[in-house]
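Asks: I have a structure I would like to understand better, so I am pasting it below and will then ask my questions one at a time.
The values are calculated or read from the model by the stated rules, or taken from the named source; none is laboratory data. Worth saying up front: this structure is predicted, and the values here are computed from it rather than measured. Neighbour counts are summed over all protein chains in view; Cβ atoms, including those assigned to glycine, are modelled from backbone coordinates with ideal geometry. When the accessible area is computed, the model is the full protein with side chains, heavy atoms only, and any ligands, DNA or RNA have been set aside. Shrake-Rupley method; radii C 1.70, N 1.55, O 1.52, S 1.80 Å.
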Amino acid sequence: MPMPAVEVRALVPYDRGDLISAVHESGVLVSAEHEEEGTAVHAHVSERLAAELAPFARD
């Protein structure tokens, strides 16, 4: 199975658990850490999912 196209780092608010589920289902999760504001994820995902995660992107 090929690696999804886009590498992302994002801080996903806890009320957007749907996005975390989508990363687990269709992406490759590199790391996830729970922080005060949400879940910090580093993952490889599709372009569509990367677009949904874009508002929560981290450097």
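Asks: Looking at the chain, which GluC sites (Glu not before Pro) are in a loop (DSSP not H, G, I, E or B) and have at most 14 other Cβ atoms within 10 Å?
Replies: GLU35, GLU36, GLU37
Asks: I would also like to ask the following. So for segment 19-59, averaging the separation of alpha carbon pairs under 8 Å that are six or more residues apart and normalising by length, what relative contact order in percent results?
Replies: Once divided by the residue count of segment 19-59, the mean separation gives 36 percent.
Asks: Relative to the longest principal axis of the C-alpha atoms of the chain, give the angle of the C-alpha long axis of helix 17-26, reported between 0 and 90° and rounded to the nearest 10°.
Replies: Long axis of 17-26 versus the principal axis of the chain: about 20 degrees.
Asks: Give me the percent of accessible area attributable to carbon and sulfur for the chain, probe 1.4 angstrom.
Replies: Ligands and nucleic acids excluded, carbon and sulfur reach 52 percent.
Asks: In units of 2.2 N^0.38 Å, what is the alpha-carbon radius of gyration of the chain?
Replies: Compactness ratio reported: 0.99.
Asks: Among VAL6, VAL41, ALA57, which residue has its Cα furthest toward the positive end of the charge dipole of the chain, with +1 on Lys/Arg Cβ and -1 on Asp/Glu Cβ?
Replies: VAL6
Asks: Between SER21 and ALA57, what is the label-point separation in nm under the 7 Å Cα-to-beta-carbon projection?
Replies: Going from the ALA57 label point to the SER21 one covers 2.6 nm.
Asks: Separation between the LEU11 and SER31 pseudo-spin-labels, each 7 Å from Cα along Cα→Cβ, expressed in nm?
Replies: About 1.6 nm separates the two model spin labels.
Asks: Within 10 Å of each candidate Cβ there may be at most 14 other Cβ atoms; applying that plus a DSSP loop requirement, which trypsin sites (Lys or Arg not before Pro) in the chain survive?
Replies: Qualifying residues, ordered by number: ARG58.
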